[in-house]
Amino acid sequence: MKRIAVLTLAASAMALSACASLAPYGPQRGPNGQGFIEQRIESDRFRVTYNGVGAPGPVADFALLRAAEVTTENGYDWFEVTQRWIDGRPDGAGGVRPSVSVGAGTGRYGGWSSSGVGVGLGLNFSGPSPTSTTLEIIMGRGARPDRPQVYDARSVQSSLRR
């Protein structure tokens with residue numbers, strides 16, 4: 001009977017965590033919403049941020065996609081990521097994360113004394129956590145320089161567009 005209760009509780013937690021997930025790609029709507037925002041720093045330099053929920057990987061992909069779009073929308077061919085900020089925990093996907101603890105103790109209360117050992121099971125029901133990726137990019141035209149943080153804008157768009 002206890003096993004059924006634990007399984008039911010775990011299933012409920014997973015269902016709740018599925019409620020908060022990464023929204024479809026698009027501009028951010030509202031101050032706490034998901035989506036992209038960008039800021040022009042110079043004529044060929046932008047700061048692009050993508051705010052989302054869940055694992056940092058898909059959010060970082062959306063930031064790269066937006067950087068590629070900004071690049072082609074402004075008539076450039078490639079962009080270089082000069083700075084990158086990832087705001088989120090490595091386990092930002094949230095959901096159920098079990099933890100086990102063991103404790104022992106003795107105590108005296110009034111005329112009674114007791115001792116015992118306990119075992120507990122903890123679950124995180126907070127669901128996916130907010131995460132964001134911010135890229136500062138500089139854009140260029142012509143042949144793409146051969147550096148690790150330089151991306152061909154059209155290739156990124158064709159690879160990451162969903």
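For the reader, a short list of remarks on this structure follows.
- Ordering of 53-64, 134-145 by packing is 53-64, 134-145, highest average first (other Cβ atoms within 10 Å, averaged per residue).
- Residue order, fewest to most surrounding Cβ atoms within 10 angstrom, among Thr131, Thr82: Thr82, Thr131
Every number in this text was worked out from the coordinates using simple rules, so none of it is lab data. Quantities reported herein were computed from a predicted structural model and do not represent experimental measurements. Counting neighbours? That spans all protein chains shown, and the Cβs are built from the backbone with ideal geometry, glycine included.
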